[in-house]
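Taking it in order: structure first as structure tokens, then the write-up.
The values are calculated or read from the model by the stated rules, or taken from the named source; none is laboratory data. It should be emphasised that the depicted structure is a prediction, and the values quoted were computed from it without experimental measurement. Please note: Cβ atoms are built from the backbone with ideal geometry, for glycine as well, and neighbour counts cover all protein chains shown.
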Amino acid sequence: MPINPAQLLARQFPVIEQVFSNRDTQLYALGVGVGADPLDAGQLRYVYEGRDGQLLRAMPTMANVLAYPGFWAREADTGITWQKLLHAEQEIHIHSPLPASGRVKGATRITGLWDKGEGRGAFLQQTREITDAETGQLLATVVQLSLLRGDGGFGNGGSAGAPPAPHVIPDSKPDYVCDLATPEQLALIYRLSGDLNPLHADPAVATAAGFARPILHGMALMGVAAHAVLRKVLAYDDTHFTGMRVRFTAPAWPGDTLRTEMWVRGSTVSLRVTAVERDVLVLSNARVDLT
């Protein structure tokens with residue numbers, strides 16, 4: 001059935017509760033390439049709990065995988081042509097540093113639906129609030145913007161206004177550049193944090209989708225870019241990392257060397273990421289918010 005905009009905007013989602021451990025936090029960090037240099041004390045704090053168990057910290061971008069509602073767009077009641085859905089942007093806001101282990105709840109809702117016109121698709125925005133299940137404290141807000149390529153032309157009934165405008169990258173030489181090599185098996189590690197889409201693991205599925213090989217998860221790419229900012233700008237002090245927004249421009253491949261260029265302007269780090277060997281811009285119009 002086609003999209004019913006009023007019904008989609010009012011769609012109810014079950015609250016997701018998740019218990020996660022130090023092991024989950026370490027596995028997430030390994031899945032975005034942190035720990036590639038096991039002698040780097042900055043990286044080690046995200047993959048090793050320390051002798052007293054107090055060293056371990058969660059990467060801020062781990063908010064992307066906490067209390068995740070799954071690929072709900074393929075459920076019949078949505079009307080979405082899920083086979084033509086593209087992940088366009090991802091944004092996180094960190095309200096309180098994420099714990100390395102705990103129990104959280106995630107409440108998801110649709111917060112935007114914008115028609116681009118018949119044959120041009122539509123933008124759908126979903127927002128998830130992640131709270132500590134014990135105290136109710138808001139830990140993070142995750143906002144995802146998807147392009148529904150097969151679902152434009154529904155006319156009235158969508159959201160007012162327009163999707164958020166892209167972040168503008170400064171027209172100057174970057175202040176920092178960070179090259180991070182990614183291992184060939186990175187997508188196979190990242191998927192163990194919950195995104196089991198076979199596009200990132202099965203060569204036959206990737207070929208059927210038009211790719212030469214399984215591609216890296218977009219949110220893994222986001223984690224690699226966050227690592228670059230932590231490494232070059234923050235000296236691995238994630239307490240100053242309060243938010244991140246990225247726009248995906250092309251698939252990254254496991255094994256790519258990912259070059260992150262960064263511009264620091266006050267409390268904003270603008271960035272873009274290029275797959276060096278292929279000279280492909282894979283992430284752009286991105287920013288990290290600092291305190």
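Only residues that are loosely packed, with under 14 Cβ neighbours inside 10 Å and either at positive phi or touching a residue at least 24 places away in the same chain (Cβ under 8 Å) (or both) were counted across region 227-243, and they come to 2.
Looking for something in the same structural domain as A235 (by TED's automatic domain parsing) and under 22 Å from V276 (Cβ atoms) - is there at least one such residue anywhere in region 158-170? No, region 158-170 contains no residue that is in the same structural domain as A235 (by TED's automatic domain parsing) and under 22 Å from V276 (Cβ atoms). Put simply, of R23, R57 the only residue that is modelled with pLDDT of 95 or more, among the basic types (K, R) and surrounded by 15 or more Cβ atoms within 10 Å (Cβ to Cβ) is R57. Of note, P183 satisfies the criterion of being in contact (Cβ under 8 Å) with a residue 60 or more places away in the chain, in contact with a Pro (Cβ under 9 Å, 6 or more places away or on another chain) and assigned to a loop (DSSP other than H, G, I, E, B). When we screen V273, V246, V282 for residues that are under 21 Å from A58 (Cα atoms), in contact (Cβ under 8 Å) with a residue 24 or more places away in the chain and not in a loop (DSSP other than H, G, I, E, B), the only hit is V246.
Taken across region 212-226, residues that are touching a helix residue (DSSP H, G or I) at 6+ places or on another chain (Cβ under 8 Å), surrounded by fewer than 17 Cβ atoms within 10 Å (Cβ to Cβ) and either farther than 30 Å from S172 by Cβ or touching a residue at least 24 places away in the same chain (Cβ under 8 Å) (or both) do occur, with at least one present. When V205 is tested against the conditions (1) crowded, with 22+ Cβ neighbours inside 10 Å; (2) touching a Pro at 6+ places or on another chain (Cβ under 6 Å), the lone failure is (1).
When you scan region 1-104 for helices (runs of 4 or more DSSP H) that lie fully inside it, which ones turn up with 1 or more residues that are touching an Asp or Glu at 6+ places or on another chain (Cβ under 7 Å) and closer than 30 Å to N156 by Cβ?
Numbers: elements: 5-9, 22-31, 41-44.
Answer list for region 1-104: none.
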